[in-house]
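Enquirer: Input: one structure, supplied below.
The values are calculated or read from the model by the stated rules, or taken from the named source; none is laboratory data. As the structure is a computational prediction, the values presented were derived from the model and not from experiment. Methodologically, a virtual Cβ is constructed for each residue, glycine included, from the backbone with ideal geometry; neighbour enumeration extends over all protein chains shown. Note: areas computed on protein heavy atoms with side chains; ligands, DNA, RNA excluded. Shrake-Rupley method; radii C 1.70, N 1.55, O 1.52, S 1.80 Å.
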Amino acid sequence: MEPVRKGERLCRAIEDCSSAVRGLPVLNADKVWDRVRGVGLDELMQFDWALVGESDELAGVAELDGVDAAAVEGRLRKIREVMGERRRYMEIQA
C-alpha cells in the first residue's frame, strides 16, 4: 500500500502546484504600463519558460513504478521557487 500512498501524495502535490501556477498574476492592462510593458513582459516570459521547462520534466512519467519520488519532489520545489521569484517580481512591478 505504501507505493499507492506515495503516488497519491505526489498527485496531490502536483495538483496543488498546478493550481498555484494557474493562479499566478499577470501584468495590469493599465495605460501607464504601456511605456514599460516590454521590459516587464520579457522578464515574465523568462519566469514562465522556467516553469514550462520544469513542468515538462514532470510530464514524462507514465507508470507509478517508474516514478522517482525524490526527483518529482525536487522539480515541484523548483517550480515553487520560480513561482515565488515571479510573485516577488510582480510585486516590484506593481
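Enquirer: List every residue pair whose Cβ atoms lie under 7 Å apart, where the two residues are 6 or more positions apart in sequence or sit on different chains, the first residue falls within the range 74-91 and is open to solvent by less than 100 Å² (accessible area, probe 1.4 Å), and the second residue, located anywhere, is outside any helix (DSSP H, G or I).
Expert: That search, which allows pairs on different chains as well, returns MET83/LEU24; ARG86/LEU24; MET90/PRO25.
Enquirer: Something else now. Going by what's in this entry, would LEU76 be described as aliphatic (A, V, I, L, M) and at pLDDT 90 or above?
Expert: Taking the combined requirement at face value, the residue satisfies it.
Enquirer: Of these, VAL4, VAL32, which one is more than 11 Å from the chain's Cα centre (by Cα) and at pLDDT below 80?
Expert: Within the list VAL4, VAL32, the selection yields VAL32.
Enquirer: Related question: Considering only the range 44-51, I want to know if a residue exists there that is charged (D, E, K, R), modelled with pLDDT of 90 or more and open to solvent by 50 Å² or more (accessible area, probe 1.4 Å).
Expert: yes
Enquirer: Right, next: I need the full set of residues from the range 52-73 which are part of a helix (DSSP H, G or I), of a type outside the set (A, V, I, L, M) and at pLDDT below 85, in order please.
Expert: Result: ASP56, GLU57, ASP65, GLY66.
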